[in-house]
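Please see the structure below; I have some questions.
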């Protein structure tokens, strides 16, 4: 007597899902693409948005009231917010003078109105990269200027 065994199997391959081969570092995969967490960018959400601004810069400043100047500023990562940075020495106000900035949805840095240098001096402005160089445009309101505002542009050399 002979016995015949029959095995029935499927030759159909398992379908792969769009996110099977996608690894998002700081985000979640959605239909094969990374949707980055706030503050991150890149195909795998591998880079902080603010990283392109961090560093030490030497630049030239021209203002409507105060003299032109060439000086350095530093930009560091804020420790309180992934979308925030700290400027040091903006308006040539001293290397220990910190000014807060926040990355906007357009990738530029916005400097909300805040005191700088003294309690009677305020700054507000915007920073961006133009052709790979940092540019900071800002206004200084101070009692020493009376009713005038010192409008300044600092441009990386």
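Output the number of the condition that residue 82 fails; it satisfies all remaining conditions of (1) within 24 Å of residue 41 (Cβ to Cβ); (2) touching a residue at least 40 places away in the same chain (Cβ under 8 Å); (3) not in a loop (DSSP other than H, G, I, E, B).
Here residue 82 meets the rest and fails (3).
Ok, one more. Restrict the check to the range 14-24 and report whether at least one residue is under 27 Å from residue 101 (Cα atoms), modelled with pLDDT of 95 or more and surrounded by 13 or more Cβ atoms within 10 Å (Cβ to Cβ). Break it down stepwise before answering.
Of the range 14-24, the ones under 27 Å from residue 101 (Cα atoms) are none.
Within the range 14-24, none of the residues are under 27 Å from residue 101 (Cα atoms), modelled with pLDDT of 95 or more and surrounded by 13 or more Cβ atoms within 10 Å (Cβ to Cβ).
Related question: Hey, any hits in the range 132-154 for a residue that's out of contact with any strand residue (DSSP E or B) (no Cβ under 6 Å at 6 or more places or on another chain) and under 13 Å from residue 53 (Cα atoms)?
Within the range 132-154, the first condition is being out of contact with any strand residue (DSSP E or B) (no Cβ under 6 Å at 6 or more places or on another chain), and the residues that meet it are 132, 144-148.
Still in the list and also under 13 Å from residue 53 (Cα atoms): 132.
Yes, the range 132-154 contains at least one residue that is out of contact with any strand residue (DSSP E or B) (no Cβ under 6 Å at 6 or more places or on another chain) and under 13 Å from residue 53 (Cα atoms).
Does any residue of the range 86-106 turn out to be touching a helix residue (DSSP H, G or I) at 6+ places or on another chain (Cβ under 6 Å), surrounded by 15 or more Cβ atoms within 10 Å (Cβ to Cβ) and either assigned to a strand (DSSP E or B) or outside the structural domain of residue 62 (by TED's automatic domain parsing) (or both)?
Just the residues of the range 86-106 that are touching a helix residue (DSSP H, G or I) at 6+ places or on another chain (Cβ under 6 Å), to begin with: 99, 103.
Narrowing further to those that are surrounded by 15 or more Cβ atoms within 10 Å (Cβ to Cβ): 99, 103.
Next cut, either assigned to a strand (DSSP E or B) or outside the structural domain of residue 62 (by TED's automatic domain parsing) (or both) only: 99, 103.
Scanning the range 86-106, I find at least one residue that is touching a helix residue (DSSP H, G or I) at 6+ places or on another chain (Cβ under 6 Å), surrounded by 15 or more Cβ atoms within 10 Å (Cβ to Cβ) and either assigned to a strand (DSSP E or B) or outside the structural domain of residue 62 (by TED's automatic domain parsing) (or both), so the answer is yes.
If residue 113 passes every condition in (1) in contact (Cβ under 8 Å) with a residue 12 or more places away in the chain; (2) under 28 Å from residue 40 (Cα atoms); (3) part of a strand (DSSP E or B) but one, which one does it miss?
Only one criterion in (1) in contact (Cβ under 8 Å) with a residue 12 or more places away in the chain; (2) under 28 Å from residue 40 (Cα atoms); (3) part of a strand (DSSP E or B) is unmet by residue 113, namely (1).
The values are calculated or read from the model by the stated rules, or taken from the named source; none is laboratory data. The shown structure was predicted, so the numbers you read here are calculated from the model rather than taken from an experiment. We place every Cβ from the backbone using ideal geometry, glycine too, and count neighbours over all the protein chains shown.
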